[in-house]
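Report on one structure; see the data block that follows.
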Amino acid sequence: PTRDGRSKPDVAAPGTQILAANGFSAEATWLRMTGTSMASPYAAGVAGLMLAAEPSLTSAQIGSILSRTAHPPGGAAFGWQNTFGYGIIDPAAALAEVRRYQERKERK
């Protein structure tokens, strides 16, 4: 939990053995890394795709969509869990939710 008692994490992102571009070496153009340093850009990238699709989204809306559309890892129950929050980020489901948001916004 946070210092003010909120439960964390909200969601989880892939962060194990992630293949990424290596900007630090001319010889090795790719590298594999594990950890939050790989999971964080994944989550930020999904948020960026959501904003590219709908620039008016607020950070609260992005967080809510990511939480609502996350899926628990195989066999785990739905609902918040201490180890992965509401589940693992599902980019396709999050972007589909953004499209539904756009459709509702257009109907108003």
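The values are calculated or read from the model by the stated rules, or taken from the named source; none is laboratory data. Note that the structure is predicted; figures quoted are calculated from it, not measured. What goes into the accessible areas is simple: the full protein's heavy atoms, side chains included, and nothing from ligands, DNA or RNA. Shrake-Rupley method; radii C 1.70, N 1.55, O 1.52, S 1.80 Å.
At a glance:
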read-out: Over the chain, relative contact order from alpha-carbon pairs under 8 Å, at least 6 apart, %; value: 29
read-out: Residue-normalised accessible area of the range 9-108, given per residue in Å² at a 1.4 Å probe; value: 63
read-out: Gain upon complete extension [residue 53, residue 108; 0.36 nm per residue less C-alpha separation]; value: 18.0 nm
read-out: Helix-only CD estimate at 222 nm, as mean residue ellipticity for the chain, using -39500 (n - 2.57) per DSSP H run (n ≥ 4); value: -14000 deg cm²/dmol
read-out: With every protein chain in place, the chain: carbon and sulfur % of accessible area (1.4 Å); value: 59
read-out: Placed amide H near residue 88: partners under 5 Å, 5+ positions off or other chain; value: 12, 71
read-out: Most mobile of 25, 67, 59 in a GNM of the chain (Cα contacts under 10 Å); value: 25
read-out: Cα centroid of the range 76-103 to Cα centroid of the range 1-50, whole Å; value: 17
